[in-house]
Amino acid sequence: MTTDEEAFRSWAARAQQDLLRTAFLLTGDRHRAEDLVQEALAKVALRWRRLRDGNPTGYARQVVVRDNISGWRKRRREVLGTDPGRGGPGTQVRDHAPATERRIALDAALAALTPRQRAVVVLRYYDDLPERAAAEALGVSVGTVKSQAHLALARLREAAPELAELLGEEV
């Protein structure tokens with residue numbers, strides 16, 4: 001195995017879960033999210049020599065977002081799925097009802113957003129990207145990110161007031 005191949009495999013192993021989370025939140029569909037991540041990893045692999053010393057994760061995130069946008073244009077609909085989950089062997093058993101209820105409310109609220117608003121919310125608030133990085137990933141201006149975030153948060157407040165603590169607001 002070459003050094004480039006080892007470096008790519010190491011990076012991909014570290015980045016895959018975060019990319020999958022982002023893709024799932026963008027699509028609401030686990031299978032579509034997995035496809036987007038695989039496509040992004042393949043594209044990064046083809047360009048690894050140029051990307052390895054830069055920001056391969058940012059490039060992969062941009063591929064996920066843009067491929068997802070291409071998918072909207074083809075299908076013009078959105079389907080909700082299940083969360084990829086973070087549990088595994090050795091996970092403690094606990095009451096998941098409150099978290100499950102909040103997750104269901106969050107999924108429903110995200111589904112009420114337009115695809116672009118959903119993408120802005122995921123990139124800005126889940127991936128914690130600055131406005132400029134979110135704008136670059138979406139291929140839009142910073143002003144568009146700001147206005148879409150404003151509209152999305154207003155729609156989320158209206159659709160799911162029980163999620164106010166996630167928005168950092170008093171109930």
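For every residue, the table says whether it meets (1) crowded, with 16+ Cβ neighbours inside 10 Å; (2) among the β-branched types (Val, Ile, Thr); (3) touching a strand residue (DSSP E or B) at 6+ places or on another chain (Cβ under 9 Å); (4) touching a residue at least 60 places away in the same chain (Cβ under 8 Å).
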| position | (1), (2), (3), (4) |
| --- | --- |
| THR3 | no, yes, no, no |
| ALA12 | yes, no, no, no |
| ARG32 | yes, no, no, no |
| LEU36 | yes, no, no, no |
| ALA40 | yes, no, no, no |
| ARG52 | no, no, no, no |
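Counted as qualifying within the stretch 28-123 are the helices (runs of 4 or more DSSP H) with 2 or more residues that are over 17 Å from the mean Cα position of the chain (by Cα) and modelled with pLDDT under 90, namely 56-75, 97-111. Of the residues examined, ASP128 is one that is of a type outside the set (A, V, I, L, M) and not in a helix (DSSP H, G or I). In the stretch 150-166, of all residues being acidic (Asp, Glu) and without any contact (Cβ under 8 Å) to a residue 12 or more places away in the chain, the one that is least open to solvent (accessible area, probe 1.4 Å) corresponds to GLU165.
Filtered by the rule that a residue be among the basic types (Lys, Arg) and farther than 22 Å from ARG132 by Cα, the stretch 16-49 gives ARG30, ARG32, LYS43, ARG47, ARG49. Restricting attention to the stretch 99-149, the residues being out of contact with any Lys or Arg (no Cβ under 7 Å at 6 or more places or on another chain), farther than 21 Å from PHE24 by Cβ and open to solvent by 10 Å² or more (accessible area, probe 1.4 Å) number 9.
The values are calculated or read from the model by the stated rules, or taken from the named source; none is laboratory data. Remember, it's a predicted structure, so these values are computed and weren't measured experimentally. Cβ atoms come from the backbone with ideal geometry, glycine included; neighbour counts cover every protein chain shown. Note: areas computed on protein heavy atoms with side chains; ligands, DNA, RNA excluded. Shrake-Rupley method; radii C 1.70, N 1.55, O 1.52, S 1.80 Å.
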